[in-house]
Amino acid sequence: MILSTVTDEVTPDRSPTAFPRIFEATTAEGINDVEIRMVEAKRFPVVDPDAWDRLKSSARDFGVTLSAVSPGLFKAPLSSDLLSLHANGVLDMSLDLAERLDIRTLIVFGVMRGKDDTAADVQQVIDLLGQTSDRAERRGFAVQLENIPGSWADTGENCLALLKGVGRDNFGYVWDTGNLYEAEEKHFRESYELLKPYIRNVHLKDGQFVDGVMTWQHFGTGVTDIAGQVSALKADGYAGKLTMEAKCEPHMDEDFINSVRYLKSVL
């Protein structure tokens, strides 16, 4: 398996000096694969030009592979004016900038639920994700659906419905068990058995509900069972990415180091 992380999960620093700190920390732990979410203080792809250049030069200097982009696509309900902008301008800009870095993986979300949605609206979500996958495929991209509470891709069963409904070869799944636990409060095993044929990437984070609020913690101290997830993936011969989402509340520099060392201990 390939250890990876995300640009904003290593340090809370969002300053112009952040990327050398981020990549120094990841490469020191043998992690040379990083997904792009935040580029300093702004979310990809609407970033500051100087920050973009600093990302590129720092990744090159440290020998880091930038492997996927996560522009927050479709973190809006069907009724939002923003959704059409996501499906056109933001999508195109994301693919354009990803190509500049030789990245060919786009992470998307499953459209947020709105108060007036009905069960039948799932077909609109499926159609949107299918059209996005088709446009991405024409440019040589894989698309990965990430689950998140409050979206049409919130629970294991709802993710499965979207994955089956879209049914494209280039449309896979980011298994985020922390987000699944927040949505379902179930052990990972149930969703894993449903979704494992579609898993192309794994986002790891740990935590538990504290006073009714999902609180992210160092790996091994929460209830999402990181060790069990790794064991299940190994048993099934998974050879893809384990992407660490290690930041806690509040986010501290030691979050990444503590969690990566726990993860290594259970690999």
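For Lys205, state whether it is surrounded by 15 or more Cβ atoms within 10 Å (Cβ to Cβ), of a type outside the set (Val, Ile, Thr) and at pLDDT below 95. Working first, answer last.
Working: surrounded by 15 or more Cβ atoms within 10 Å (Cβ to Cβ): yes; of a type outside the set (Val, Ile, Thr): yes; at pLDDT below 95: no.
The answer is no for Lys205.
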Practice task
Look at Val108 and say whether it is touching a residue at least 12 places away in the same chain (Cβ under 8 Å) and either within 16 Å of the chain's Cα centre (by Cα) or part of a loop (DSSP other than H, G, I, E, B) (or both).
Solution key: yes
Practice task
Within the stretch 90-113, identify whether any single residue is small (Gly, Ala, Ser) and surrounded by fewer than 13 Cβ atoms within 10 Å (Cβ to Cβ), and answer yes or no.
Solution key: no
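Considering only the stretch 215-240, how many residues are outside any helix (DSSP H, G or I) and touching a residue at least 60 places away in the same chain (Cβ under 8 Å)? Please lay out each step first, then the result.
Step one: list which residues in the stretch 215-240 are outside any helix (DSSP H, G or I), which gives 215-225, 236-240.
Still in the list and also touching a residue at least 60 places away in the same chain (Cβ under 8 Å): 238-240.
Residues in the stretch 215-240 being outside any helix (DSSP H, G or I) and touching a residue at least 60 places away in the same chain (Cβ under 8 Å): 3 in total.
Which one is nearest to Lys75 (Cα to Cα), of the residues in the stretch 10-57 that are among the polar types (S, T, N, Q), assigned to a loop (DSSP other than H, G, I, E, B) and free of Cβ contacts under 8 Å to residues at least 60 places away in the same chain?
Narrowing the stretch 10-57 to residues among the polar types (S, T, N, Q): 11, 15, 17, 26-27, 32, 57.
Now narrow it down to the ones that are assigned to a loop (DSSP other than H, G, I, E, B): 11, 15, 17, 32.
With the extra rule that they be free of Cβ contacts under 8 Å to residues at least 60 places away in the same chain, the set shrinks to 15, 17, 32.
Values: Ser15: 26, Thr17: 29, Asn32: 28 Å.
Filtering the stretch 10-57 for residues that are among the polar types (S, T, N, Q), assigned to a loop (DSSP other than H, G, I, E, B) and free of Cβ contacts under 8 Å to residues at least 60 places away in the same chain, the one nearest to Lys75 (Cα to Cα) comes out as Ser15.
Does the stretch 61-80 contain any residue that is of a type in the set (Ser, Thr, Tyr), surrounded by fewer than 21 Cβ atoms within 10 Å (Cβ to Cβ), over 27 Å from Asn179 (Cα atoms) and over 16 Å from the mean Cα position of the chain (by Cα)? First the steps, then the outcome.
Here is the first cut: in the stretch 61-80, the ones of a type in the set (Ser, Thr, Tyr) are 65, 67, 70, 79-80.
If we keep only those that are surrounded by fewer than 21 Cβ atoms within 10 Å (Cβ to Cβ) too, we end up with 65, 67, 79-80.
Okay, now just the ones that are also over 27 Å from Asn179 (Cα atoms), so none.
No: the stretch 61-80 contains no residue that is of a type in the set (Ser, Thr, Tyr), surrounded by fewer than 21 Cβ atoms within 10 Å (Cβ to Cβ), over 27 Å from Asn179 (Cα atoms) and over 16 Å from the mean Cα position of the chain (by Cα).
Specify the residue that is surrounded by the most Cβ atoms within 10 Å (Cβ to Cβ); the eligible residues are those in the stretch 8-23 that are more than 17 Å from Met252 (Cβ to Cβ) and touching an Asp or Glu at 6+ places or on another chain (Cβ under 8 Å).
Applying the first criterion (more than 17 Å from Met252 (Cβ to Cβ)) to the stretch 8-23 yields 16-17, 19-20, 23.
Still in the list and also touching an Asp or Glu at 6+ places or on another chain (Cβ under 8 Å): 16, 19-20, 23.
On the way: Pro16: 13, Phe19: 26, Pro20: 14, Phe23: 23.
Residue satisfying both the conditions and the ranking: Phe19.
The values are calculated or read from the model by the stated rules, or taken from the named source; none is laboratory data. As the structure is a computational prediction, the values presented were derived from the model and not from experiment. A quick note on method: Cβ atoms are made from the backbone with ideal geometry, for glycine too, and the neighbour counts reach across all protein chains shown.
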